[in-house]
Amino acid sequence: MHADLAIVGAGTAGAALAFFAAKRGLRVVCLERRAAREAGARWVNGVPGWAFDAAGLDRPRDAEVFGAGHEMHLLAGFGPRRVTIRGHDVLELDMRALVERLQRSAREHGATLVENARVLEFDGRTLDTSAGRVTARWYADASGLAGARLLEQARVNATDLCAAAQEVRAVSDLAGARAFFERHQIDAGHTACFTGVAGGFSVINVRLAGDRVGILTGSIPGAGHPAGQAILDRFVADQKWIGARLFGGARAIPLRRPLDVLARGNVALIGDAACQVFSAHGSGIGAGMIAARLLADALAEGREPHDYAVAWHRQYGGLFATFDSFRRFSQSLGERDLDRMMAAGLLDEHSARAGLEQRVPRPTPGAVIGALRGVATERRLALRLVPALARGAAAAAHYARYPDDPRALGEWSARAARIMG
Ligand SMILES: Cc1cc2nc3c(=O)[nH]c(=O)nc-3n(C[C@H](O)[C@H](O)[C@H](O)COP(=O)(O)OP(=O)(O)OC[C@H]3O[C@@H](n4cnc5c(N)ncnc54)[C@H](O)[C@@H]3O)c2cc1C
């Protein structure tokens, strides 16, 4: 089989790329090791609405939307201290429906999606797959964290891996469910996000949606904490109002900053395969879809895969590196630290909203004054937080200078590593 572009993986990033590239007139083959209906994320994910606009995709509707417009209550441990984010732009999506839309759109525009075709080897010119050999002018690795590794990407360190689980379950006792949210002073239908419940960067996120409940958990087992699935199972066992599992899944998410090398020669990486994940909460859907769009545009316009890397890193690399610097700091925070940060105003609605929406924070003068007061009252925490923020600011400036010439990447990467520490 021969194509202009061969894509490995038909999850969000791969299916989006197949759609964009086919729409721009390229002959596309997309290889998926599973059945198409089992590809990619099979659970509910929070994705900022702006990511769809940036990728040029219609915003989700109907069956794709599990929830929208709810408040997010970020609690230190199990509370009562909290930061509440209202009116944010993050949609809760049933990823099964979104992946299906992207795959369908790709097929409608002429892309060939080959199911149950596992890529076994790549010698730089040919993909050896369980369904035969495939050659192409360009290759894209959208096969996720544990995928085909077309550029022999380095493995992610255990302390930079989040083990996450998400399930949608039936509610067996609605009164019990309401009582649970009432106890935490949250109106039913809004999100309770209990943070720092099993070490730094751990979370139990719960929202009632009619007669169903969405539960998301995550943590870093490499730092000695229980995995997301174990946290979820324990939570469900403790909460007698939660009933049978309807759908969901569990997997590792790479949390490190996106790879410096997103493309080499005729090969590009997108999505989790490129660690394009907003690591402050392990979100890769928006970044992967945008990467797909930038890559498809570059190839369709006769530019090189490296030009996509330049476009993605200059626009988003600094933002992702900045929040990764914050993520590394937050990994060292326990439940009590979070409580004190919230009490001191070092974590407030402005900064939490920016993190949730994957945007650069634009604090109001009032928020800046509040944060400065917080620095004065919580010196010990501030001494750890301020260097992390300074590293992020330096990284943002550096990513804006991501080199046009791939030969300058070695030097650029070395400096990025020095900045990020
Ligand atoms: C429980 C959980 C909750 C999450 N919550 C959020 C969230 O709220 N918001 C958010 O944005 N992100 C979230 N994420 C992360 C998000 O799901 C991932 O970032 C996203 O799915 C990555 O998409 P992808 O297309 O790059 O890779 P994947 O979804 O991993 O898709 C890769 C595809 O490649 C296929 N494949 C792999 N190897 C091969 C091979 N050798 N040959 C052929 N095919 C292959 C796989 O079968 C798979 O279908 C969450 C993740 C988990 C686990």
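Entry remark, region 198-222: residues being buried (at least 21 other Cβ atoms within 10 Å of the Cβ), free of Cβ contacts under 8 Å to residues at least 40 places away in the same chain and in a loop (DSSP other than H, G, I, E, B) number 2 in total.
Candidates are the residues of region 302-340 that are farther than 19 Å from Tyr402 by Cβ and not in a helix (DSSP H, G or I); the one that is modelled with the highest pLDDT is Gly302.
Take the residues in region 237-250 that are among the aliphatic types (A, V, I, L, M) and touching a Lys or Arg at 6+ places or on another chain (Cβ under 7 Å); name whichever of them is surrounded by the most Cβ atoms within 10 Å (Cβ to Cβ).
Residues of region 237-250 that are among the aliphatic types (A, V, I, L, M), as a first pass: 237, 242, 244, 246, 250.
Keeping just the survivors that are touching a Lys or Arg at 6+ places or on another chain (Cβ under 7 Å) gives 242, 244, 246.
Details: Ile242: 22, Ala244: 8, Leu246: 12.
Among those that are among the aliphatic types (A, V, I, L, M) and touching a Lys or Arg at 6+ places or on another chain (Cβ under 7 Å), it is Ile242.
Residue pairs whose Cβ atoms lie under 8 Å apart, separated by 6 or more positions or on different chains, with the first residue in region 277-288 and assigned to a loop (DSSP other than H, G, I, E, B) and the second among the charged types (D, E, K, R) and near the ligand (Cβ under 7 Å from one of its atoms), are Gly284/Asp272.
Considered as a group, the residues in region 396-415 that are in a helix (DSSP H, G or I) and in contact with a His (Cβ under 6 Å, 6 or more places away or on another chain) include one that is farthest from Phe329 (Cα to Cα), and that residue is Pro406.
Is it the case that Trp43 is in contact (Cβ under 8 Å) with a residue 12 or more places away in the chain and over 22 Å from Ala252 (Cβ atoms)? No; evaluated as a whole, the condition is false for this residue.
As a summary of the residue check, Ala343 satisfies the conditions (1) crowded, with 22+ Cβ neighbours inside 10 Å; (2) assigned by TED's automatic domain parsing to the domain that holds Leu356; (3) in contact with an Asp or Glu (Cβ under 9 Å, 6 or more places away or on another chain) except for the one numbered (1).
Residues checked against (1) more than 14 Å from the ligand (Cβ to nearest atom); (2) buried (at least 24 other Cβ atoms within 10 Å of the Cβ); (3) not hydroxyl-bearing (Ser, Thr, Tyr):
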residue: Ala21; (1), (2), (3): yes, yes, yes
residue: Arg27; (1), (2), (3): yes, no, yes
residue: Ala35; (1), (2), (3): no, no, yes
residue: Gly77; (1), (2), (3): yes, no, yes
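It is to be established whether one or more residues within region 174-197 are at pLDDT 95 or above, assigned to a loop (DSSP other than H, G, I, E, B) and within 12 Å of the ligand (Cβ to nearest atom). No, region 174-197 contains no residue that is at pLDDT 95 or above, assigned to a loop (DSSP other than H, G, I, E, B) and within 12 Å of the ligand (Cβ to nearest atom).
For the subset of region 261-281 comprising residues that are of a type outside the set (A, V, I, L, M) and at pLDDT below 95, which member is farthest from Leu319 (Cα to Cα)? Among residues in region 261-281 that are of a type outside the set (A, V, I, L, M) and at pLDDT below 95, the one farthest from Leu319 (Cα to Cα) is His281.
Whether any residue in region 50-73 is within 30 Å of Phe194 (Cα to Cα), at pLDDT 95 or above, within 12 Å of the ligand (Cβ to nearest atom) and among the small types (Gly, Ala, Ser) is what I want to check. Among the residues of region 50-73, at least one is within 30 Å of Phe194 (Cα to Cα), at pLDDT 95 or above, within 12 Å of the ligand (Cβ to nearest atom) and among the small types (Gly, Ala, Ser), which makes the answer yes.
Out of curiosity, is Arg137 surrounded by fewer than 22 Cβ atoms within 10 Å (Cβ to Cβ) and closer than 28 Å to Leu262 by Cα? Considered against the rule, which asks whether it is surrounded by fewer than 22 Cβ atoms within 10 Å (Cβ to Cβ) and closer than 28 Å to Leu262 by Cα, Arg137 comes out as yes. Of the strands (runs of 3 or more DSSP E) entirely within region 53-153, those holding at least 1 residues that are farther than 22 Å from Val28 by Cβ and in contact (Cβ under 8 Å) with a residue 12 or more places away in the chain occupy 65-67, 72-76, 82-85, 90-94. Restricting region 136-173 to residues that are more than 16 Å from the ligand (Cβ to nearest atom) and within 22 Å of Asp238 (Cβ to Cβ), the residue that is nearest to the chain's Cα centre (by Cα) is Ala170.
Scanning region 1-19 for residues that are within 8 Å of the ligand (Cβ to nearest atom) and farther than 15 Å from Ser105 by Cα yields Val8, Gly9.
Restricting attention to region 283-305, and to residues there that are within 8 Å of the ligand (Cβ to nearest atom) and crowded, with 24+ Cβ neighbours inside 10 Å, which single residue is farthest from Ala18 (Cα to Cα)? Walk me through it before giving the result.
Quick first cut of region 283-305, residues within 8 Å of the ligand (Cβ to nearest atom) only: 283-288.
Filter once more, so that each one left must be crowded, with 24+ Cβ neighbours inside 10 Å: 284-288.
Working: Gly284: 18, Ile285: 15, Gly286: 16, Ala287: 16, Gly288: 12 Å.
Among those residues, the one meeting the criterion is Gly284.
Ala250 satisfies every condition listed in (1) within 16 Å of the ligand (Cβ to nearest atom); (2) within 19 Å of the chain's Cα centre (by Cα); (3) in the same structural domain as Arg137 (by TED's automatic domain parsing); (4) more than 16 Å from Asp324 (Cβ to Cβ) except (3).
Note on region 105-127: among residues that are among the basic types (Lys, Arg) and surrounded by 14 or more Cβ atoms within 10 Å (Cβ to Cβ), the one that is farthest from the ligand (Cβ to nearest atom) is Arg107.
The values are calculated or read from the model by the stated rules, or taken from the named source; none is laboratory data. Everything quoted here is computed from the prediction, not taken from an experiment. Virtual Cβ from ideal backbone geometry, glycine too; neighbours counted across all protein chains shown.
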